[in-house]
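Trainee: Please see the structure below; I have some questions.
Read the figures in this text as sums done on the coordinates, not as results from a lab. These figures come from a predicted structure and were not determined experimentally. Positions of Cβ are generated from backbone atoms using ideal geometry, with glycine treated the same way; all protein chains shown enter the neighbour counts.
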Amino acid sequence: MPVPSPRRPSRREAIISRIYDRFLDALELVPGILIGIIALVIGLDVLLRNIGYIGLKGMIELIEYALFGLTFIGIAPAMRRGAHVSVDILLMKLEGRYRRTVLWLVRAISVAIAAMIAVSAWIGLADAVASGTQVYKNFIFPEWILFAVILSGTLLFTIECLRQLKKTPDDPADGKPTETVTV
Amino acid sequence: MDWQIAFLLLMGTVLAPMFLGVPVALAFFGANIVGAVVFFGGEAGLAQMARNAYEGLINFSLSPIPMFVLMGEIMFQTGVAFRAIDAIDRLITRVPGRLSLVAVSCGTVFSALSGSSMANTALLGGTLMPEMTRRGYHPGMALGPILGSGGLAMLIPPSSMAVLLGSMSGISITGILLGGILPALLIAAFYVVYIVLRCTIDPSLAPAYPTPKMRWSERVMPFLVYVLPLMSLFVVVVGSILTGIATPTESAALGAIGATVAAACYRCLTWRSLHKALVQTGKITVTIFFIIAASLTFSQILAFSGATGGILSLLNQFDLTPLVVVVGMLVIVLALGCLMDPLSIILITLPFFIPLVRQVGIEPVWFGVLMLVALEVGQTTPPFGLLLFTMKSVAPESTTMRQVYLAAAPFTLMQILAIALIVFFPALGTWLPSLSN
């Protein structure tokens, strides 16, 4: 499969790319900060309960929404760092032209799937707005807000996948096995 | 559509892109998209996939995962863990295979402070390997103990993988967390016996060398100062769950706060290290949770397409005993472990395994513990065990992949021996959880 040859970015593109990178730098901090806050809030709740006060009202629900939110806030910055878990069996075995072709294919598939997730979030959002669905727990709010979070996160994620696809496949530092994360 | 074709279609759409190198989360979402279109009726199915993505994540039982990751990251990024290695190193003297035993001891201690086996292996490898190489240790006695004990982090609380397995399977998280402790200690004991025996029989594997002369207090004090207080974090996490003072989530948060306070007490906590720990924790959490976001739809589609039911009814025809079923499932996990990361294995197998466990009447916590140990084994089995590559990346440049494979082999066998013991003596995995009841 022919791999499209890269084009040098114009000055304007470079500036936009830099601003976008700073934006992702900021987003990258959010999941960690939220996790730190969750730890403190749970600690405070345990303390309050053990000294005779009632726990923090609605805490569990807020933490649940934070877990959901931080995931979709963080997926694009994690993609930029190549942190998403992947199985590199084939890529590790390949070299040269074959490796670049497979890498390009992998990135093209990633763009397509990411875009489809964004589309599905859009369909869900449109449905939720049309039907006026509400989420009923301790907090009551329109369901479309949840879909909007997924949509925003996956749109940024799709952009990041596109940027990776556009990256020059000839760059020797590019296309190394991604940083594999395990727990 | 026949369940066989549905099964092949869904598995094919997950596995083909996954082995091509597409991120695991996207491979699952890709299969979900195909499944939503084919089985859930197009647009409505896609909307349901997005709905499932948030329903899967709005789940409080997932919150210990980032807390446990944060706990380990604080230990590593602040450098507290390195001081602990030095303290344990001073304590162990005049034994065959001294540095190998230091690796096993440190690996076990760090497993009680961090939920990441990769971080554990990288830390031990980066710190101990240069010294082992300098002292002329045989690769099998240098790489093997680090590989083996690095993986213990998956079994000993705070284990993020135990929480994940529990929250995705519906098995008691407390049960799996506590159930992993005895098997981990058993495996560590196997390692110690093996190292001492082999180095006694063949001292050239780990040449003895004079350790610096120190007063008794110089040997013991660092342990009392840098290791014992850290172990209190483990006591906080496990003790609060065992006594019922706190849930796993609360104990995880207390562990993360405790780790931060401990680092501050050692004057190791800086804004820079805290920033790095938080960012790294966020990154790891996001990658795990993004995969989880895809998992609910995947298991729903498998069930809706008839694939899950088809597999179950097929197995029913053979009238299998629970023991055969458990062994069969473990063999599948071990085989997949040669090719995949633990998270992907959990996601692919649980939709089939859990209904099977319920149907055959297998004790869920026992099964959870066995699965956890099998997943640990998978990290060190060739050709693609994750820890093998982690080890290669921190080992001296002259280390070959073949040496890493060979070094891991005896330690992998000891883990498999532990699995066999847990199969035949289930109390090894279920006794501690039974105390919490």
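Trainee: Please give the direction-averaged projected area of the C-alpha convex hull for the stretch B:239-323, in square nanometres with one decimal.
Mentor: Taking the Cα atoms of the stretch B:239-323, their convex hull projects to 9.9 nm² on average.
Trainee: For A:Lys93, give me every one of the lysines with a C-alpha distance below 25 angstrom, ignoring sequence neighbours fewer than eight places off in its own chain.
Mentor: A:Lys166, A:Lys167, A:Lys176, B:Lys392
Trainee: To make sure I understand the rule: partners must be aspartates and glutamates, Cα under 14 Å from the Cα of B:Lys276, and not fewer than 8 residues away in the same chain. Which ones qualify?
Mentor: Cα-Cα hits under 14 Å: A:Asp25, A:Glu28, B:Glu73.
Trainee: On a straight-distance basis, which lysines could pair with A:Lys137 in a cross-link, Cα separation under 28 angstrom, same-chain partners fewer than 8 positions away excluded?
Mentor: Straight-line reach from A:Lys137, under 28 Å: A:Lys57.
Trainee: Where does the stretch B:355-406 land on Rg(C-alpha)/(2.2 N^0.38 Å)?
Mentor: Numbers: Rg = 16.4 Å, N = 52, 2.2 N^0.38 = 9.9 Å.
Taking the Cα Rg and dividing by 2.2 N^0.38 Å, one obtains 1.66.
Trainee: Which value, in nm² and rounded to one decimal, describes the direction-averaged projected area of the C-alpha convex hull of the stretch B:1-150?
Mentor: Values: hull surface 51.8 nm².
Projected area, direction-averaged: 12.9 nm².
Trainee: Per residue, how big is the convex hull around the C-alpha atoms of the protein assembly as shown? Give it to me in cubic angstrom, could you? Walk me through the numbers before you get to the answer.
Mentor: Working: hull volume 103.6 nm³, N = 620.
Here the figure is 167 Å³ per residue.
Trainee: Turning to a different aspect of this structure: Tell me the relative contact order for chain B as a rounded percent, counting alpha carbon contacts under 8 Å between residues six or more apart. Write down the numbers at each step before the final one.
Mentor: Values: 660 pairs, mean separation 113.2, N = 437.
After rounding, I find 26 percent.
Trainee: A further question on this structure: With chain B treated as a Gaussian network of Cα nodes joined by springs under 10 Å, which of B:Gly328, B:Gly175, B:Gly239 yields the largest mean-square fluctuation?
Mentor: B:Gly328
Trainee: On to the next question. So, with +1 on the Cβ of K and R and -1 on the Cβ of D and E, and no other charges, what is the size of the charge dipole of chain A about its Cα centre, to the nearest 20 debye?
Mentor: Values: 20 positive and 16 negative charges, 154 e Å.
Charge dipole of chain A: 740 debye, to the nearest 20.
Trainee: Could you pull the Cα extents of the stretch B:119-165 along its three principal axes, largest to smallest, in whole Å?
Mentor: Between the extreme Cα coordinates on each principal axis of the stretch B:119-165 lie 40, 16, 11 Å.
Trainee: Separate question: With a 10 Å cut-off between alpha carbons and a GNM built on chain B, which of B:Leu70, B:Leu20, B:Leu113 moves the most?
Mentor: Looking only at B:Leu70, B:Leu20, B:Leu113, the largest GNM fluctuation is found for B:Leu20.
Trainee: Give the average over all directions of the projected area of the C-alpha convex hull of the stretch B:205-347, one decimal, in nm². All intermediate terms of the calculation are to be shown ahead of the outcome.
Mentor: Values: hull surface 65.3 nm².
One quarter of the hull surface, i.e. the mean projection, equals 16.3 nm².
Trainee: Apply the Karplus curve 6.51 cos²θ - 1.76 cosθ + 1.60, θ = phi - 60°, to the phi angles in the stretch B:207-216 and return the couplings in whole Hz, x for Gly and Pro.
Mentor: Going residue by residue, I get x, 6, 8, x, 8, x, 6, 9, 6, 4 Hz, with x marking Gly and Pro.
Trainee: Using a Förster distance of 22 Å, how high is the FRET efficiency between B:His275 and A:Ser17, based on the Cβ-Cβ distance and rounded to 0.05?
Mentor: On the way: r = 24 Å, r/R0 = 1.10.
Using R0 = 22 Å, I get an efficiency of 0.35.
Trainee: Residues with amide H under 5 Å of A:Val135's amide H, sequence separation 5 or more or different chain, H placed in the peptide plane at 1.01 Å from N; which?
Mentor: A:Phe141, A:Glu143
Trainee: As a footprinting exposure proxy, order B:Ile92, A:Ile16, B:Ile345 by other Cβ within 10 Å, with the fewest listed first. If you can, show how the numbers build up before the last one.
Mentor: Working: B:Ile92 18, A:Ile16 12, B:Ile345 21.
In order of increasing Cβ crowding within 10 Å: A:Ile16, B:Ile92, B:Ile345.
Trainee: If you split all Cα-Cα distances of the stretch B:49-95 into 10 Å bins from zero, what percentages do you get per bin, shortest first?
Mentor: 21, 26, 22, 16, 10, 4, 0
Trainee: Residue by residue, what Karplus-based ³J(HN,Hα) values in Hz, rounded to whole numbers, does the stretch B:420-433 have, using 6.51, -1.76 and 1.60 with θ = phi - 60° and x for Gly and Pro?
Mentor: Values per residue, Gly and Pro as x: 4, 5, 5, 4, 8, 10, x, 4, 4, x, 10, 5, 4, x Hz.
Trainee: Which value in Å is the Kirkwood Rh of the stretch B:148-226 over different Cα pairs? Don't skip to the answer; put the middle values down first.
Mentor: Values: mean 1/r = 0.0636 Å⁻¹.
The Cα-based Kirkwood calculation yields 15.7 Å.
Trainee: I'd like the Karplus ³J(HN,Hα) series for the stretch B:15-29: coefficients 6.51, -1.76, 1.60, θ = phi - 60°, whole numbers in Hz, and an x wherever there's a Gly or Pro.
Mentor: Per residue, the Karplus-derived 3J(HN,Hα) values read 6, 4, x, 4, 6, 6, x, 5, x, 3, 4, 5, 4, 5, 4 Hz.
Trainee: Using a/c under 1.5 as the rounded threshold, could you call the stretch A:32-143 rounded, prolate or oblate? The axes a ≥ b ≥ c are square roots of the C-alpha gyration tensor eigenvalues, and prolate needs a/b larger than b/c, oblate otherwise.
Mentor: On the way: a/c = 5.04, a/b = 1.70, b/c = 2.96.
Oblate shape, in that a/c is at least 1.5 and b/c is the bigger or equal ratio.
Trainee: At B:Thr321 and A:Tyr98, where each label point lies 7 Å from the Cα along Cα→Cβ, what is the point-to-point distance in nanometres?
Mentor: About 4.7 nm, to one decimal.
Trainee: Mind pulling the angle between the C-alpha long axis of helix B:43-57 and the longest principal axis of chain B? Nearest 10 degrees, somewhere in 0 to 90.
Mentor: On a 0 to 90 degree scale, this one is about 30.
Trainee: Continuing with this model, one more query. Given N residues in the stretch B:378-437, what is its alpha carbon radius of gyration divided by 2.2 N^0.38 Å? Could the numbers behind the result be given before it?
Mentor: Working: Rg = 16.0 Å, N = 60, 2.2 N^0.38 = 10.4 Å.
Here the Cα radius of gyration is 1.53 times the empirical estimate.
Trainee: Would you pull out the residues with amide H under 5 Å of A:Val87's amide H, same chain only if 5 or more places away, H placed 1.01 Å from N?
Mentor: B:Gly21, B:Val24
Trainee: Compute the normalised compactness of the stretch B:316-364: alpha-carbon radius of gyration over 2.2 N^0.38 Å, N being the residue count. Please report the intermediate quantities before stating the final value.
Mentor: Values: Rg = 11.2 Å, N = 49, 2.2 N^0.38 = 9.7 Å.
The reported ratio for this selection is 1.16.
Trainee: Still on this structure, I have one more. Once the convex hull of the C-alpha atoms of the stretch B:76-208 is built, how many Å³ does it hold per residue, rounded to a whole number? Let's see the in-between values first.
Mentor: Values: hull volume 12.9 nm³, N = 133.
In the stretch B:76-208, the Cα hull volume divided by residue count equals 97 Å³.
Trainee: Now for a separate question. In degrees between 0 and 90, to the nearest 10, how far off the longest principal axis of chain A does helix A:11-50 point, with axes built from Cα atoms?
Mentor: So the helix axis and the longest Cα principal axis differ by about 30 degrees.
Trainee: What residue among B:Pro207, B:Pro64, B:Pro145 has the largest mean-square fluctuation in a Gaussian network model of chain B, using Cα springs under 10 Å?
Mentor: B:Pro207
Trainee: Over 27 Å, how big is the tail of the calculated P(r) for chain B, in percent of all Cα pairs?
Mentor: On the way: 50841 of 95266 pairs.
When every Cα pair of chain B is considered, 53 percent fall beyond 27 Å.
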